[in-house]
Amino acid sequence: MNSPFRYAGGKFYARRLILEHIPPNHSYYIEPFAGGASLFFAKPKVENNCLNDVDHELVNCLTIIRDKPEELIKGLAGESATKERHAYYKNEFQAGNDIEKAQRWFYLNRTSYSGIMNMQNCYWGYGDKYSMRPENCRNEHIKNQASSRGTS
């Protein structure tokens, strides 16, 4: 399963090579620098999985995907990838709760160049040729990742 995120410096292309070195019978999996969590989403889940990152908004988004995926999907319903919506989420949108924070983070991640989430460098970078449309990603990825509820 692929990560629901775009993430600069992610391990998407190296994941198969890296996964060959993770023993199949481990019972703990810890990622202190989760980022896009490509390895976590690509590997079989184990009894104890722990994802962490310095980006609190990313951790919040992962937690919402794990615990309240339907609410995130509902919050993103009807969104499309446009420069105007990207600018709105980046500059104007005021999140009132953790679900809305996750909604903002997820939308910006899916529509920003290389998924760069530093707001100073978070530029519109969506392209139909290279990016999964946000409306498709919601259903395919959020629900699949939610079934991987082994994160903490």
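Mind listing just one residue for me: the one in the stretch 12-45 that is in a helix (DSSP H, G or I) and charged (D, E, K, R) and, of those, farthest from the chain's Cα centre (by Cα)?
Filtering first and then ranking leaves Arg16.
Filter the stretch 46-59 down to residues that are of a type outside the set (A, V, I, L, M, F, W, C) and outside any helix (DSSP H, G or I) and give me whichever is surrounded by the most Cβ atoms within 10 Å (Cβ to Cβ).
My answer is Asn49.
Looking only at helices (runs of 4 or more DSSP H) that lie completely in the stretch 60-118, which have at least 1 residues being in contact (Cβ under 8 Å) with a residue 24 or more places away in the chain and over 30 Å from Asn49 (Cα atoms)?
Per the criteria, 83-91.
Checking the conditions here, which among Asn118, Asn60 is of a type in the set (S, T, N, Q) and modelled with pLDDT under 90?
Answer to the check: Asn118.
Can you name every residue in the stretch 1-44 that is surrounded by fewer than 10 Cβ atoms within 10 Å (Cβ to Cβ) and either within 24 Å of Ile64 (Cβ to Cβ) or of a type outside the set (S, T, N, Q) (or both)?
Tyr13, Leu17, Glu20, His21, Pro23, Pro24, Tyr28, Pro32
Under 7 Å between Cβ atoms, which residue pairs at least 6 apart in sequence (or on different chains) link something in the stretch 30-41 that is among the polar types (S, T, N, Q) with a partner that is part of a loop (DSSP other than H, G, I, E, B)?
Close Cβ pairs satisfying both conditions: Ser38/Ser3; Ser38/Gly10; Ser38/Lys11; Ser38/Phe12.
The values are calculated or read from the model by the stated rules, or taken from the named source; none is laboratory data. This one's a predicted model, so the numbers in the text were calculated from it and none came from an experiment. Note that each Cβ is placed from the backbone with ideal geometry, even for glycine, and that neighbours are counted across all protein chains shown.
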